[in-house]
1. Above 16 angstrom, tally the Cα pairs of the stretch 11-80 and express them as a % of all pairs, no decimals.
2. With Cβ to Cβ distances under 13 Å as the rule, what net charge do the other residues near Ala42 carry (K, R +1; D, E -1)?
3. Once both labels are modelled 7 Å past Cα along the beta-carbon direction, what's the Ile57-Arg69 spacing in nm?
4. If you take the charge dipole of the stretch 11-80 about its Cα centre, with +1 on Lys and Arg Cβ and -1 on Asp and Glu Cβ, which of His21, Ile67, Gln40 is farthest toward its positive end?
5. Out of the stretch 1-72, which chymotrypsin sites (Phe, Trp or Tyr not before Pro) are coil in DSSP terms and have no more than 10 other C-beta atoms within 10 Å?
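A short reminder: the numbers here are calculations on the coordinates, not readings from a lab. Remember, predicted model here, so these are calculated numbers, not experimental data. Using ideal geometry, Cβ is built from the backbone for each residue, glycine included, and neighbour counts are taken over all protein chains shown.
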Amino acid sequence: MLTERVTAFDPALRNALDQLHALAMRGDTAFATIEHSIVQQAYMPGTNDMFWVWGWILLALIAVTWIARPPFVAGRLAGAGR
């Protein structure tokens, strides 16, 4: 999705390259800077997805813990009746 629009004819890419050329970045250095920016932007949705996954796992574990009957309650009740 992020790289679908990055072509040699994209005005935003041409503008970014012109700005990098104005900062004396030529050739591969300018393209490496753009690639680094794209990779950084790609990490963000992946990180968000991982937080969602871990959040659902945490909620499932909370539900399992809430529903599960602890084994030590039966022993304590039997000992209190003596």
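1. Roughly 70 percent, rounded to a whole number.
2. -3
3. 3.0 nm
4. Comparing the listed Cα positions along the dipole, Ile67 ranks first.
5. Passing both the DSSP loop test and the Cβ count: Phe9.
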